Amino acid sequence: MNSKREQIVAHLIGQHSPVSGDFLAAELGLSRAGIWKHIQILRDQDFDIEAIHGRGYLLKSDVLSASLLHQRLHTKRLGKTCITLDKIDSTNAEIMRQADKGADEGLVVFAEQQTQGKGRMGRSWHTLGEDALALSLLLRPNISPQYVSQLSLVTAVAIQKALSVFADDIRIKWPNDLLYHGAKIAGILTEMRAEPGLVHAVVTGIGINIRAPKQGWPDDITQAVTDLSTVAGKDICRMNVAQAIIEAMDETYDTYLAQGFDPIREQWWLAHAACNQPVRVHNGKEYIDGIAQDLDSDGALLLQTSHGLQRIITGDLELMA
Ligand code: BTN
């Protein structure tokens, strides 16, 4: 995008009221007529910009621009390359393909639509255009494959911090769902490419509900769900969420690499929705009831059951309190 037009879009993103032509003209060193010309070109490029007489310009669509995001990011490792795609099978699959071709750590891929979005435990994940944020990040940590599950929890801690900028009371539900008052607002899927003893690539995929879809939530979603704009009480734009997520992930991942899993484990436990609370876990075969006692160093949940302490490695957790 032409840099003047990019600057105009940057000024309009996330604004809930019109931005005046005078303001844009002064900021960009152009005349009001010059701004108007650029607005016309942006409209031809499919930017939905309303000109409100006497008040200015309002961006009506929730633009997610990789180049604008890249300019805004303050990170050490992540987001040095950001890509936005209109349509892809799955951003996790795309990152894995890029990783196989030698892409560097920190690559971020966003998609407006995923035709085969993947959820945990073999489930599918819907990505609802502007109402959702779907992204995946490429990590290349120098750790043994047995520790890769910790990165899902690193990601959960980062997302909890990032979403807490927009709304209070966002909690983690083991292993790595993000909830608001019991309703799911975001999910994480971590995948890896490794050989015994050596991790080649870790993909951490994040799906966030930004707005409630106008046509309603898809029928096959059986659990309680909500979205960030509803819980924040105002419309939240995806660029701000994307920036908060990548920056929080960069910082949390840095802590993990420098200090190991212990500080992450502590933060995770503090943000967990069910510390010392009764829960039920379905591990694919059976339901196990108990009290969520702690998080083990590999990310397993320690559950105090009537048969003693059990380590739960995988499954779906239900809050019973
Ligand atoms: C879950 O809660 O089941 C995990 C959902 C993870 C969804 C994200 S959306 C971006 C990335 N690409 C995928 O195919 N899945 C993850």
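The values are calculated or read from the model by the stated rules, or taken from the named source; none is laboratory data. Not measured: the values here are computed from a predicted model. Note that we place each Cβ from the backbone using ideal geometry, even for glycine, and neighbour counts take in every protein chain shown.
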Selection from the stretch 174-191 of residues that are away from the ligand (no atom under 14 Å from the Cβ) and surrounded by fewer than 23 Cβ atoms within 10 Å (Cβ to Cβ): His181, Gly182
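Return yes when Leu163 is over 18 Å from Leu301 (Cβ atoms), touching a Lys or Arg at 6+ places or on another chain (Cβ under 7 Å) and crowded, with 16+ Cβ neighbours inside 10 Å and no when it is not. Quick ask: steps written out before the conclusion?
On the way: over 18 Å from Leu301 (Cβ atoms): yes; touching a Lys or Arg at 6+ places or on another chain (Cβ under 7 Å): no; crowded, with 16+ Cβ neighbours inside 10 Å: yes.
In short, no.
Condition check ((1) under 11 Å from the mean Cα position of the chain (by Cα); (2) modelled with pLDDT of 95 or more) across all residues:
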{"position": "Thr155", "(1), (2)": "yes, yes"}
{"position": "Ile172", "(1), (2)": "no, yes"}
{"position": "Leu178", "(1), (2)": "yes, yes"}
{"position": "Leu189", "(1), (2)": "yes, yes"}
{"position": "Gly197", "(1), (2)": "no, no"}
{"position": "Pro218", "(1), (2)": "no, no"}
{"position": "Gly233", "(1), (2)": "no, yes"}
{"position": "Gln243", "(1), (2)": "yes, yes"}
Matching residues in the stretch 295-321 - criterion: being at positive phi and modelled with pLDDT under 95: Gly299, Gly315
Those residues of the stretch 263-295 which are loosely packed, with under 14 Cβ neighbours inside 10 Å and either of a type in the set (A, V, I, L, M, F, W, C) or free of Cβ contacts under 8 Å to residues at least 24 places away in the same chain (or both), in sequence order: Glu266, Leu270, Asn276, Lys285, Glu286, Tyr287
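Please return the ranges of helices (runs of 4 or more DSSP H) entirely within the stretch 1-62 where 1 or more residues are over 31 Å from the mean Cα position of the chain (by Cα). Can you show your working first?
Values: elements: 3-12, 21-28, 32-44.
Those helices (runs of 4 or more DSSP H) span 21-28, 32-44.
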Considering residues of the stretch 79-93 that are within 15 Å of the ligand (Cβ to nearest atom) and buried (at least 21 other Cβ atoms within 10 Å of the Cβ) only, the residue farthest from Val202 (Cα to Cα): Ile88
Qualifying positions in the stretch 95-123 - in contact (Cβ under 8 Å) with a residue 24 or more places away in the chain, among the small types (Gly, Ala, Ser) and within 11 Å of the ligand (Cβ to nearest atom): Ala111, Gly117, Gly119
Residue in the stretch 15-36 that is under 16 Å from Met239 (Cβ atoms), modelled with pLDDT under 95 and surrounded by fewer than 17 Cβ atoms within 10 Å (Cβ to Cβ) present: yes
